[in-house]
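Notes follow once the structure below has been shown.
The values are calculated or read from the model by the stated rules, or taken from the named source; none is laboratory data. If you're wondering where the values come from, they're calculated on a predicted model, not measured in any experiment. No Cβ is skipped: glycine too gets one built from the backbone with ideal geometry, and neighbour counts run over all protein chains shown. Remember, those area values only see protein heavy atoms, side chains included, never the ligands or the DNA or RNA. Shrake-Rupley method; radii C 1.70, N 1.55, O 1.52, S 1.80 Å.
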Amino acid sequence: MTTRSETQSTLDHLLTEIELRNPAQPEFHQAAHEVLETLAPVVAARPEYAEPGLIERLVEPERQVMFRVPWQDDQGRVRVNRGFRVEFNSALGPYKGGLRFHPSVNLGVIKFLGFEQIFKNALTGLGIGGGKGGSDFDPHGRSDAEVMRFCQSFMTELYRHIGEHTDVPAGDIGVGGREIGYLFGQYRRITNRWESGVLTGKGQGWGGSLIRPEATGYGNVLFAAAMLRERGEDLEGQTAVVSGSGNVAIYTIEKLTALGANAVTCSDSSGYVVDEKGIDLDLLKQIKEVERGRVDAYAERRGASARFVPGGSVWDVPADLALPSATQNELDENAAATLIRNGVKAVSEGANMPATPEAVHLLQQAGVAFGPGKAANAGGVAVSALEMAQNHARTSWTAARVEEELADIMTSIHTTCHETAERYDAPGDYVTGANIAGFERVADAMLAQGVI
Ligand code: NDP
Ligand code: 2IT
């Protein structure tokens, strides 16, 4: 029998190869390290997982598409962006994952997101594979007409790679209901098909699921609540710091407030707002969802309880809970040390990979409950899969039904991660639990389906 340390050195060797074969993709390397560094116990215990080529196949996308996206701005100037779709793994179902429009997008970023998505989607227990896409297009400051022309050009290439049984994109940073609408319209026009299940996050009158906009934030709060329950606590009366002010952050704040916690912050790339009375969601939604403004406008309009801190770190604000909901690597070692000094009890990742590896290590060493994104933020993609199910059946469920299914899925993900961690001698370590449980499901399907 191979020992855990022998297995770990094989995995370490593979990680070195991943770095050499995929140069200049630091986010992908980081995501691969984070998963492969926790798999030794399961690979050592179950020899079939050590089969040559299994993990090598898992870290290599099934298909990667990169394309030119030309479009005209309002002045008539031609702009050229780069489009991506990485179809990482379809052992469990059609590729599924969001599209990100942000200037920082490159192949390595999309590969890190696609890789995470494989395990996240496996943890939902639903039939969805892993993929991700996007563009280095920056929607900030662009008119509706520019965003529409961009989306139409993007879909004019993307359409040939996707389909309800093939690959089903959705939103992510910079892609919300407006963009999904323009993308769906162009897909329908080019293909001459009403294929509802080709995209999720659609509008509610034309195939979208109730609760999909809320699902990621709501799900993360339910995951945080489940972690607290393990420690004999609940959300009531806890103070929470939340970063970001987009889709995930807004509905995280909404659910925290509904369950009796006090969410006191939000942020964007210009700085953060702290509001002692708790974030006023109507005001935040007005500024972010309707006016597409910046968070300093919130502090200006809210009055004495709120202040805007330009730049700065939202993690300096003392709290019981932290729910990073903006972007990768936004919570580093220093931020983790500050949170620990201020007595944080739980950190639950609404964003994908917002905590750096050093931060995760520090938080876990300090006994803070840490919920990794692939488990904690899986509610969004889970309700996307429920949207696909509704589309397939040509029906739509009530908000109450979708919310109940979301709650069941989050409870089941929490239990799976918790029990898997215990089974592999890492009690309370949700990172190990999530990675191993997600891996087992995908690996079993890959082994059953042969070398492809
Ligand atoms: P949005 O575009 O709605 O909001 C993103 C927020 O994060 C904005 O406030 C934005 O500020 C801020 N932000 C983005 N990039 C940066 C950056 N580089 N530095 C500082 N702030 C930044 O995106 P979502 O809310 O949908 O996504 C947030 C996170 O959640 C991402 O990590 C995404 O991958 C993850 N996620 C999203 C899901 C979904 O269903 N939407 C599901 C699961 C995870 P600004 O406007 O100034 O850029
Ligand atoms: O990171 C994610 O899980 C998402 N952006 C949601 C993906 C989806 O297909 O709903």
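Shown are Leu447, Leu323, whose ranking by accessible area with a 1.4 Å probe and every protein chain present, most to least, is Leu447, Leu323. Each part reduced to its alpha carbon centroid, region 264-285 and region 361-421 end up 25 Å apart.
Scanning residues 5 or more positions from Val65 or on other chains, those with amide H under 5 Å from its amide H are Arg85, Val86, Glu87, with H placed 1.01 Å from N in the peptide plane. Of the GluC sites (Glu not before Pro) found in region 159-258, those in coil by DSSP whose Cβ has at most 12 other Cβ atoms within 10 Å are Glu236.
Let me make sure I get this right: for region 220-316, a, b and c are the square roots of the gyration tensor eigenvalues over alpha carbons, sorted descending. Under 1.5 in a/c it's rounded, otherwise prolate if a/b > b/c, else oblate. Which is it? Verdict is prolate for region 220-316. Kindly identify region 90-199 as rounded, prolate or oblate by the Cα gyration tensor criterion: order the square roots of the eigenvalues as a ≥ b ≥ c, call it rounded if a/c is under 1.5, otherwise compare a/b with b/c, prolate if a/b is larger, else oblate. Oblate shape, in that a/c is at least 1.5 and b/c is the bigger or equal ratio.
What FRET efficiency comes out for the pair Ser412/Glu289, r = Cβ-Cβ distance, R0 = 30 Å, nearest 0.05? FRET efficiency, Ser412 to Glu289: 0.45.
Listed by chain and number, the lysines whose C-alpha is less than 18 Å from the C-alpha of Lys277, apart from same-chain residues fewer than 8 away, are Lys255, Lys285.
Once the C-beta distance of Arg394 and Thr191 is scaled by a Förster radius of 25 Å, the resulting FRET efficiency is 0.85 to the nearest 0.05.
Applying the criteria of a DSSP loop state and at most 14 other Cβ atoms within 10 Å to the chymotrypsin sites (Phe, Trp or Tyr not before Pro) of region 170-225 yields Trp194. Straight-line cross-link partners of Lys96 among the lysines, defined as a Cα under 25 Å from its Cα and at least 8 positions apart when in the same chain: Lys111, Lys120, Lys132, Lys202, Lys374.
Scanning residues 5 or more positions from Cys266 or on other chains, those with amide H under 5 Å from its amide H are Val273, with H placed 1.01 Å from N in the peptide plane. For the chain, averaging the sequence separation of C-alpha pairs within contact (under 8 Å, six or more residues apart) and dividing by the residue count gives a relative contact order of 15 percent. Note on Arg79: accessible area approximately 70 square angstrom, rounded to 10, probe 1.4 Å, nucleic acids and ligands left out. Accessible surface calculations at 1.4 Å, restricted to protein heavy atoms, place the chain at 40 Å² per residue. Taking only protein heavy atoms and a 1.4 Å probe, the accessible area of region 37-192 is 46% carbon and sulfur.
Heavy-atom surface analysis with a 1.4 Å probe gives region 332-380 a carbon and sulfur content of 46 percent of its accessible area. Sparse packing (at most 13 other Cβ atoms within 10 Å of the Cβ) combined with a DSSP loop state is found for the following GluC sites (Glu not before Pro) in region 261-352: Glu276, Glu291. Summary value for region 352-452: 24 percent relative contact order, contacts being C-alpha pairs under 8 angstrom separated by 6+ residues. Cα gyration tensor of region 272-430, axes a ≥ b ≥ c as square roots of the eigenvalues: rounded (a/c below 1.5), prolate (a/b > b/c) or oblate? In terms of gyration-tensor shape, oblate. Per the 1.4 Å probe, what fraction of the accessible area of region 217-299, in percent, lies on carbon and sulfur atoms? Answer for region 217-299 is 44 percent, counting heavy atoms of protein chains only.
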